[in-house]
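J.: Please read through the structure below; I'll follow up with questions.
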Amino acid sequence: MNPSFQGTYRVSYLQLSILRVQRLFKRTAQRIILNRGTCLLSALPSPAKAAAAVVGGALAVVAVPTVLGAMGFTGAGIAASSLAAKMMSSAAIANGGGVAAGSLVATLQSVGSAGLSLSSRVLLGSAGFALVSLVVGL
């Protein structure tokens, strides 16, 4: 082996594996989200891709409270006969009669009644932006 190239082109097996997993994840996400391999958004120009990513971030922030409301975590409390009521019941049974503070059910109820904090909105918006950026190839 040529000593001048010894340190320059050395790539570990772990680095190659990580790159393969990243490519596989990107292709899989594109196929799942955009109808099995037809990536319509990848043909868009960069400003349109960026706009799509911003919309994805905003959609994530709006979708979470909407989905929680549909599950039964409302501003007035947990809705009767909903998924939230079933979750609360099983959490109370597992915890000896009450829902523990800081548990999943308590946190979801807090978000359902009071909404998301600013830091949670930023985090969700960033995650939505990153996911759509990955899909459109930005």
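Laboratory data are not the source of any read-out in this text; all were calculated from the coordinates shown. In this text the structure is predicted, and so the values were computed from the model without any measurement. All Cβ positions, even for glycine, are placed from backbone atoms using ideal geometry, and neighbour counts span all protein chains on display.
J.: Taking the Cα of N95, stepping 7 Å toward and past its beta carbon, and measuring to each backbone N in the range 108-138: which are under 17 Å?
T.: 108-114
J.: Pulled fully out, how much extra length does the chain show between A76 and A114, if you take 0.36 nm times their separation in residues and subtract their Cα-Cα distance?
T.: Residue separation times 0.36 nm, minus the Cα-Cα distance, leaves 12.7 nm.
J.: Sorted by packing (mean other beta-carbon atoms within 10 Å per residue), highest first, where do 74-80, 85-91 land?
T.: Packing order, densest peptide first, comes out as 85-91, 74-80.
J.: Then there's this: For the range 87-138, just say rounded, prolate or oblate: build the C-alpha gyration tensor, square-root its eigenvalues into a ≥ b ≥ c, call rounded for a/c under 1.5, and beyond that prolate if a/b exceeds b/c, oblate if not.
T.: Cα axes put the range 87-138 in the prolate bin.
J.: Quick check: convex hull over the Cα atoms of the range 63-112, volume per residue in Å³, rounded to an integer?
T.: Considering the Cα atoms of the range 63-112, their hull volume per residue is 65 Å³.
J.: With the cut-off at 19 Å, report for the range 41-136 the share of all Cα pairs above it, as a whole percent.
T.: More than 19 Å apart: 52 percent of the Cα pairs in the range 41-136.
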